[in-house]
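The values are calculated or read from the model by the stated rules, or taken from the named source; none is laboratory data. Given the structure is predicted, the values throughout are model-derived calculations rather than measurements. Cβ placement follows ideal geometry from the backbone for every residue including glycine, while neighbour counts extend to all protein chains displayed. Ligands, DNA and RNA are excluded from the accessible area calculation, which covers all protein heavy atoms including side chains. Shrake-Rupley method; radii C 1.70, N 1.55, O 1.52, S 1.80 Å.
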Amino acid sequence: MWNEIMNNNDIEKFMKRICYFHDSCIKELKYLSGAFVDEYLAIYPVNDQRILIVAIQRQFENIPMIELEFSGLKYLKLIPHDERYTCEILDATIILKNNCIYWCDCGGLSESELSSYDGTVICASKLRWRTIEKCMGQKEFYLPTA
């Protein structure tokens, strides 16, 4: 079941429920633009979906894995750490600003710090989330359908 994030109250409830993303990591991302080339090589060049789905695993028995679905994606600034550093998320920030929702992989950020933050930032029109059961570990979650 998907849970919509519509306002600051929803954000606060969600963040408390998942302990502000403490001891979690981004496992996988899946992006759907809406554009495609069909079997006759005709192109539909419109990004009319712009959906980013993020699988996050957590070191908690209660809700160990969640999916975040960002629709109407404005941008994704993905800054992964290289293999010399750890990539666990200690806490995160979600902010509603100018009809957009922002998710950052660092806690305590203010609206004024969003544009200068040098970590991962996702900006979209909408955000919803759901729990994922029995999919922990290294095996890929977003497998090709073909």
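By the Cα gyration tensor, the range 1-136 has an equivalent ellipsoid whose semi-axes, rounded to whole angstrom, run 25, 18, 16 from largest to smallest. A 1.4 Å probe, protein heavy atoms only, puts the accessible area of C19 near 50 Å².
In this structure, the residue pairs whose Cα-Cα separation is over 18 Å, taken from K74/K126; K27/K74; K74/K97; K27/K139; K97/K126, are K27/K74. Charged side chains reduced to their Cβ positions (Lys and Arg at +1, Asp and Glu at -1) give the range 12-146 a dipole of some 400 debye around its Cα centre.
A straight chain from W2 to R84 at 0.36 nm per residue would run longer than the Cα-Cα distance by 26.0 nm.
K139 versus N62, label points 7 Å from Cα toward the beta carbon: distance in nm? About 2.8 nm separates the two model spin labels. Is the range 48-91 best put as rounded, prolate or oblate by its Cα gyration tensor, with a ≥ b ≥ c the root eigenvalues, rounded for a/c under 1.5, and otherwise prolate when a/b is larger than b/c, oblate when not? Judged from the Cα gyration tensor, the range 48-91 comes out oblate (a/c at least 1.5, b/c at or above a/b). Over what distance in Å are the Cα centres of the range 1-21 and the range 115-146 separated? With the range 1-21 and the range 115-146 each reduced to a Cα centre, they are spaced 15 Å. In the chain, the DSSP-assigned H stretches of four residues or longer account for a calculated mean residue ellipticity at 222 nm of -2000 deg cm²/dmol, using -39500 (n - 2.57) per stretch and the full residue count as denominator. Phi angles of the range 16-26 translate, via the Karplus equation with coefficients 6.51, -1.76, 1.60 and θ = phi - 60°, into HN-Hα couplings of 5, 4, 9, 6, 6, 6, 4, 6, 10, 8, 6 Hz per residue; Gly and Pro are given as x.
Whole-Hz Karplus values for the range 129-137 come out as 9, 8, 7, 10, 9, 6, 10, 7, x Hz, taken residue by residue from phi with 6.51 cos²θ - 1.76 cosθ + 1.60 and θ = phi - 60°; glycine and proline positions read x.
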